[in-house]
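K.L.:
Would you mind keeping the following structure in view while I ask a few things?
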Amino acid sequence: MTVMTPAPIDQPEDEEMLVPHSDLPENNHQPMEVVAQPETANNVENQPVEDPPSSRFTWRIDNFSRMNTKKLYSDIFVVGGYKWRVLIFPKGNNVDHLSMYLDVADSASLPYGWSRYAQFCLGVVNQIHNKYSVRKDTQHQFNARESDWGFTSFMPLSELYDPSRGYLVNDILIIEAEVLVRRVVDYWTYDSKKETDLYHIPYFRKAVYHMPTTENDLPSQSIPLALQSLFYKLQYSDNSVATKELTKSFGWDTYDSFMQHDVQELNRVLCEKLEDKMKGTVVEGTIQKLFEGHHMNYIECINVDYKSTRKESFYDLQLDVKGCRDVYASFDKYVEVERLEGDNKYHAEQYGLQDAKKGVLFIDFPPVLQLQLKRFEYDFMRDTMVKINDRYEFPLQLDLDRENGKYLSPEADRSVRNLYTLHSVLVHSGGVHGGHYYAFIRPTLSDQWYKFDDERVTKEDIKRALEEQYGGEEELPQTNPGFNNTPFKFTKYSNAYMLVYIRESDKDKIICNVDEQDIAEHLRERLKKEQEEKEHKKKEKAEAHLYTIIKVARDENLVEQIGKDIYFDLVDHDKLEVFEEVAKEIGIPVQFLRFWLWAKRQNHTYRPNRPLTPVEETQSVGQLREVSNKVHNAELKLFLEVELGLDLHPIAPPDKTKDDILLFFKLYDPEKEALRYVGRLFVKSTGKAAEILSKLNEMAGYAPEEEIDLYEEIKFEPNVMCEPIDKKFTFRACQLEDGDIVCFQKPTPVENGEHLRYPDVPSFLDYVHNRQVVHFRSLEKPKEDDFSLELSKLHTYDDVVERVAQQLGLDDPSKIRLTSHNCYSQQPKPQPIKYRGVERLTDMLVHYNQTSDILYYEVLDIPLPELQGLKTLKVAFHHATKEEVVIHTIRLPKQSTVGDVINDLKTKVELSHPDAELRLLEVFYHKIYKVFPHSEKIENINDQYWTLRAERFLTKRKILVLMIV
């Protein structure tokens with residue numbers, strides 16, 4: 001299935017990532033999409049292919065290596081009536097690769113709501129050997145938020161600037177861009193290529209349609225309905241189809257859909273759930289009929305008449321890639337006979353230790369054979385997962401009866417012809433940490449292949465679908481044979497990851513017709529209604545530019561919000577009332593109203609900037625929106641100035657000259673730790689702050705002569721800037737202007753300052769800016785909040801654990817161990833925070849580019865620094881006679897040995913025989929890779945990727961003693 005790349009990680013050189021360009025060093029992992037051409041008939045080959053407008057643009061850049069500019073744009077070129085240009089970062093966009101993007105050249109001047117869809121290929125031409133030019137293609141729906149798209153890591157700078165490679169010749173770089181513009185985009189966003197393949201198995205699709213569902217079911221809670229809905233939309237809809245409901249019905253949350261669920265895991269979840277839901281229905285047993293095969297595990301003694309067999313079922317087979325040239329070699333390895341002899345003899349009941357042979361043979365294969373190629377495996381030498389990019393061939397027709405049925409067990413039905421034809425190929429392009437997935441499928445098993453790649457479905461030939469997906473290496477010819485006799489080879493990182501074969505004798509039954517008669521009436525009605533609602537929303541969105549939402553902030557809103565909802569700036573516009581006719585709705589004649597436009601300043605504050613001019617007051621709200629809004633959204637934000645006379649009735653606003661400044665005032669009370677809005681004033685720029693003190697005292701309800709201190713609230717991101725105002729200076733000298741905010745308070749007496757937490761405005765605003773309410777959860781109950789604490793983002797590690805210990809009534813804070821929250825999975829991170837391993841609370845809460853407000857805690861039996869000096873291992877103990885596995889946690893000093901682990905384990909487990917010995921095994925994918933010697937140190941044993949298993953065994957001497965007895 002599709003692998004969504006995990007939360008941002010350092011991207012290896014061999015992986016590419018499609019991202020909108022950014023001047024910040026971010027890895028923006030994009031959700032993957034698959035596109036299928038919707039079936040309006042049962043044969044996708046009947047679909048007409050429209051040729052979209054396309055063009056190729058060539059950009060020659062002279063003196064490339066001497067360029068000092070960070071980014072560079074090409075000339076503008078036109079495709080499909082749209083203006084485009086190429087954007088490059090010659091030294092990389094904060095990476096050691098050339099960064100290259102396609103950019104909408106006139107994005108800043110396009111109307112609100114614009115979008116365009118393009119498929120494009122960007123390339124750097126190899127001027128010596130054109131066949132080794134670097135080209136990468138993708139597609140994107142361009143819009144105001146994402147007006148450029150492409151590749152941050154297009155190609156390594158080391159290769160680009162190496163003159164022997166042929167990309168720079170005479171310091172000239174040649175870039176090509178081929179752009180295809182589509183007027184209408186028919187695609188379905190898709191989280192899983194595997195589901196694409198299942199959709200194209202009509203027998204399976206028909207069975208899903210026949211599963212009983214009702215109109216009261218919810219797709220997000222019903223796998224059958226979610227799959228029915230998905231398949232129906234794929235078959236009949238022309239619009240995008242999401243899989244969110246299906247993954248939710250699996251029990252996968254939002255993050256899970258972005259994580260690496262491999263094909264086998266998807267099969268397991270899907271088959272288990274569907275099998276259960278199909279029980280007692282007309283389609284019961286469909287999963288088994290299609291996908292289930294059986295093999296026999298056997299151990300046969302060589303010298304005595306003893307054989308042990310065990311029948312097992314499978315829905316897919318994992319085939320080794322490493323060391324195998326093709327699928328047949330993998331099957332040969334799968335059934336390879338292993339000799340059990342010497343120290344590895346088999347203990348046969350009644351016969352003791354015996355030489356034996358061990359192996360697997362197939363009883364039967366399923367009609368739909370799913371082969372997962374083990375491209376990913378654990379490298380024990382490097383202690384990490386790696387991808388196997390070796391060349392691996394697979395045939396169009398697969399004969400599993402070859403060589404007189406060498407793969408079949410004696411019990412197999414030889415009358416069944418196990419000849420298979422290839423139906424689909426799932427390809428992974430990238431490395432072990434993530435990458436891009438696409439699929440080649442023959443929906444009807446005809447000669448025509450289709451490539452399903454994000455928003456595109458294209459016709460492909462058999463060479464692209466098979467041979468080019470084998471993987472392996474390609475060789476780059478020498479450019480200067482006299483200097484280097486070693487040809488340069490590069491690895492192909494796109495290769496087949498899964499194969500689906502359909503048995504020839506079953507293909508007519510499996511590739512069957514599926515029409516509307518197979519679909520329940522309530523499902524058709526439900527989806528028709530959904531489509532109508534979607535069209536209605538689409539129309540509203542398309543017509544949004546014809547309407548303007550007017551949001552007007554008044555003094556009443558500032559009073560309501562400041563000190564309660566917000567502390568910085570003046571108002572939260574999202575909480576404002578929406579108006580259609582302002583004067584009529586607030587009941588004040590229009591001649592008494594003056595409107596101000598808001599402006600976002602360079603320091604990211606948002607303040608009233610200037611009143612509307614007389615000309616602007618006569619314009620339409622749409623025209624005003626264009627004047628005030630550089631980002632072209634549908635809102636017009638205004639501040640309403642209403643002046644009141646002595647009788648508190650509205651009066652005409654005073655004339656405003658260039659010398660007049662509109663200031664807003666907030667009052668701070670250090671005793672109550674409260675900030676509130678008290679009003680606004682027009683002041684003269686040549687006036688002094690001392691001249692308005694009595695007026696401010698009146699607004700605050702203080703005595704006229706009360707002494708007060710004034711501060712200017714300047715900004716709050718990334719840090720608070722709030723500076724004192726010298727009352728002897730003019731407002732102009734203090735650099736105050738329209739929309740500025742002045743905070744004031746009574747001076748704090750020195751004798752009272754000690755008992756006040758925040759004695760002045762700057763300290764209070766710092767507190768507000770940095771305060772963080774953290775929800776603490778016990779690691780044993782990670783879904784439930786236990787308690788909450790108000791902390792500061794600047795708190796140290798020691799501050800945080802001390803507060804937690806106080807909350808729990810614990811004397812020793814060092815026994816508190818904290819674990820951060822994974823914002824994507826909504827689970828604790830796998831590794832806890834080390835003792836003083838982070839500096840501030842903010843470091844504990846940040847997860848990549850997101851901030852959490854959750855921490856998990858444990859109360860340890862020993863201090864954390866002491867625990868960190870120990871090695872903790874999780875060991876699975878397999879009881880010899882009881883069919884149970886118990887996980888034991890072993891905690892020993894890091895210098896301990898495996899023998900110490902076994903001795904500790906003996907005190908915790910029940911042995912079936914007093915003379916039994918224990919051994920510790922290293923298990924990976926159910927295979928034993930190592931038996932640990934007792935003398936090995938445990939410090940370097942890693943139980944993260946493999947399972948540590950302990951089991952009892954009898955030595956030869958003890959077996960002999962038992963036999964004599």
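K.L.:
Got a sec? Which helices (runs of 4 or more DSSP H) wholly within segment 597-712 have at least 1 residues that are closer than 21 Å to LEU736 by Cβ?
P.N.:
693-700
K.L.:
Going residue by residue through segment 775-783, is there one that turns out to be modelled with pLDDT under 95 and among the aromatic types (Phe, Trp, Tyr)?
P.N.:
No; the residues of segment 775-783 include none that is modelled with pLDDT under 95 and among the aromatic types (Phe, Trp, Tyr).
K.L.:
Here's something else I'd like to know. Take PHE365 and decide whether it is crowded, with 18+ Cβ neighbours inside 10 Å, within 23 Å of LEU426 (Cα to Cα) and in contact with a Lys or Arg (Cβ under 8 Å, 6 or more places away or on another chain).
P.N.:
yes
K.L.:
Can you find a residue that is free of Cβ contacts under 8 Å to residues at least 40 places away in the same chain, open to solvent by less than 40 Å² (accessible area, probe 1.4 Å) and in a strand (DSSP E or B) anywhere in segment 156-173?
P.N.:
no
K.L.:
Condition check: closer than 30 Å to PRO443 by Cβ, modelled with pLDDT under 85 and in a loop (DSSP other than H, G, I, E, B). Does VAL95 satisfy that?
P.N.:
No.
K.L.:
Need a quick list: helices (runs of 4 or more DSSP H) entirely within segment 480-572 having at least 1 residues that are farther than 26 Å from LEU624 by Cβ, at pLDDT below 80 and not small (Gly, Ala, Ser).
P.N.:
Filter on segment 480-572 gives 521-542.
K.L.:
Looking only at segment 762-795, count how many residues are open to solvent by 50 Å² or more (accessible area, probe 1.4 Å), touching a helix residue (DSSP H, G or I) at 6+ places or on another chain (Cβ under 8 Å) and not in a loop (DSSP other than H, G, I, E, B).
P.N.:
Total meeting the criteria: 0.
K.L.:
Does segment 799-819 contain any residue that is assigned to a loop (DSSP other than H, G, I, E, B) and either over 21 Å from PHE776 (Cβ atoms) or in contact with a Ser or Thr (Cβ under 6 Å, 6 or more places away or on another chain) (or both)?
P.N.:
No - not one qualifying residue is present in segment 799-819.
K.L.:
Scan segment 336-359 and tell me whether some residue there is open to solvent by less than 40 Å² (accessible area, probe 1.4 Å), closer than 27 Å to GLY471 by Cβ and either assigned to a strand (DSSP E or B) or not basic (Lys, Arg) (or both).
P.N.:
no
K.L.:
Restricting to segment 577-592, give me the number of residues that are in contact (Cβ under 8 Å) with a residue 60 or more places away in the chain and either crowded, with 19+ Cβ neighbours inside 10 Å or among the aromatic types (Phe, Trp, Tyr) (or both).
P.N.:
The number of residues fulfilling the criteria is 1.
K.L.:
I'd like to know if segment 120-130 contains one or more residues that are crowded, with 19+ Cβ neighbours inside 10 Å and either modelled with pLDDT under 90 or not assigned by the TED database to the domain that holds VAL79 (or both).
P.N.:
Yes, segment 120-130 contains at least one residue that is crowded, with 19+ Cβ neighbours inside 10 Å and either modelled with pLDDT under 90 or not assigned by the TED database to the domain that holds VAL79 (or both).
K.L.:
Go through segment 65-92 and count every residue that is open to solvent by 50 Å² or more (accessible area, probe 1.4 Å) and assigned to a loop (DSSP other than H, G, I, E, B).
P.N.:
The qualifying residues number 8.
K.L.:
Is it the case, given these coordinates, that TYR824 is more than 19 Å from SER788 (Cβ to Cβ), modelled with pLDDT of 90 or more, open to solvent by 20 Å² or more (accessible area, probe 1.4 Å) and not hydrophobic (A, V, I, L, M, F, W, C)?
P.N.:
no
K.L.:
Right, another one. For segment 100-112, state whether one or more residues are surrounded by fewer than 17 Cβ atoms within 10 Å (Cβ to Cβ), under 18 Å from TRP59 (Cα atoms) and under 28 Å from the mean Cα position of the chain (by Cα).
P.N.:
The answer is no, given that none of the residues of segment 100-112 is surrounded by fewer than 17 Cβ atoms within 10 Å (Cβ to Cβ), under 18 Å from TRP59 (Cα atoms) and under 28 Å from the mean Cα position of the chain (by Cα).
K.L.:
GLU284 - would you say it is open to solvent by 60 Å² or more (accessible area, probe 1.4 Å), out of contact with any strand residue (DSSP E or B) (no Cβ under 6 Å at 6 or more places or on another chain), at pLDDT 85 or above and not in a helix (DSSP H, G or I)?
P.N.:
Yes; evaluated as a whole, the condition is true for this residue.
K.L.:
Also, I was wondering about something else. Scanning segment 657-686 for residues that are more than 30 Å from GLU751 (Cα to Cα) and among the basic types (Lys, Arg), which turns out surrounded by the fewest Cβ atoms within 10 Å (Cβ to Cβ)?
P.N.:
Restricting to residues being more than 30 Å from GLU751 (Cα to Cα) and among the basic types (Lys, Arg), the top hit is LYS658.
K.L.:
Next question. How many residues are part of a strand (DSSP E or B) and surrounded by 15 or more Cβ atoms within 10 Å (Cβ to Cβ) when one looks only at segment 828-851?
P.N.:
4
K.L.:
So which of PRO650, PRO654 is more than 46 Å from the chain's Cα centre (by Cα), open to solvent by 30 Å² or more (accessible area, probe 1.4 Å) and closer than 30 Å to GLN602 by Cα?
P.N.:
Exactly one residue qualifies, and that residue is PRO654.
The values are calculated or read from the model by the stated rules, or taken from the named source; none is laboratory data. Just so you know, these numbers come straight off a predicted model, no measurement behind them. Note that we place each Cβ from the backbone using ideal geometry, even for glycine, and neighbour counts take in every protein chain shown. SASA here: full protein model, heavy atoms, side chains in, ligands and nucleic acids out. Shrake-Rupley method; radii C 1.70, N 1.55, O 1.52, S 1.80 Å.
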